[in-house]
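Contents: one structure, followed by commentary.
The numbers here are math on the coordinates, done by the rules we state, and not lab data. Please read all numbers here as calculations on a predicted model, not as lab measurements. Because the Cβ atoms are built from the backbone with ideal geometry, glycine has one as well, and the counts that use them run over all protein chains shown.
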Amino acid sequence: MTSMSFLEHLDGTGLRDCFDFWVARRDGRRPPQKKEINPSQMPHPIMPNLFLYELTPENRFRCRLAGSAIRQAFGVEPTGRYLDDLVHLTSAVNRTALFRAVLEKELPLVYGGKLAEGEKLWMPFKRLLLPVVDEHQQGRFVFGMVIFLGAFNENNSPSTELSNEFEVWASADDLAARPVAPN
């Protein structure tokens, strides 16, 4: 559990740049449409860590875009693959539920944990999930960014306190916050 607010988890990281990009494209109180998520307008430094998933008619999330840092961390090309095939079986149900909840609530979420495969722990991460609607205003896409916070030590213990699992939803105040000027 964490006592940090949604924006505190983002501040000082590329996650804040990604969130500000998304906020600037919102249509009033609704999430932006996919056509508003234009890579040529994104801050260039965040692009290696960006992703876009689409909810398919089969009720699965297929990766439509994965930056180079994500491909490197997973060791595979996620584009075209399903979320439930990319993450460990024990994490798939929870991760899929978070992606669905972001679309249903139409609210951003930041959460943290660790990449895992079987008993092997890879590295701690923070992931920002942002809802995006299609041309019919239906929540169908999850856009966002992941940052990797370091490695685990030889005892398979996190090397940083930031690796503790948490999830924090954005509040109305967070959505009304003015974007932070890039550094």
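Numbers at a glance
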{"item": "Spin-label pair PHE166/VAL93, simplified geometry with 7 Å Cα→Cβ offset, distance in nm", "result": "2.6"}
{"item": "Nitroxide proxy distance, nm - points 7 Å out along Cα→Cβ at ASN38 and ALA24", "result": "1.2"}
{"item": "Entries in LYS34/LYS114; LYS35/LYS114; LYS34/LYS105 that, when Cα-Cα distance is taken, lie over 24 Å", "result": "LYS34/LYS114; LYS35/LYS114"}
{"item": "13 Å Cα-Cα reach of LYS126 towards aspartates and glutamates, excluding residues that sit fewer than 8 places from it in its own chain", "result": "GLU8, ASP11, GLU161, GLU165, GLU167"}
{"item": "Per-residue HN-Hα couplings for segment 11-22 [Karplus 6.51, -1.76, 1.60; θ = phi - 60°; Hz; x = Gly/Pro]", "result": "4, x, 10, x, 4, 5, 4, 5, 4, 4, 4, 5"}
{"item": "Burial ranking of peptide ranges 72-82, 105-115 (average Cβ count within 10 Å, highest at the top)", "result": "105-115, 72-82"}
{"item": "FRET efficiency estimate (nearest 0.05) - Cβ-Cβ, HIS136 to GLU77, R0 35 angstrom", "result": "0.75"}
{"item": "Separation of the ARG178 and MET4 label points, Cα + 7 Å toward Cβ, nm", "result": "2.4"}
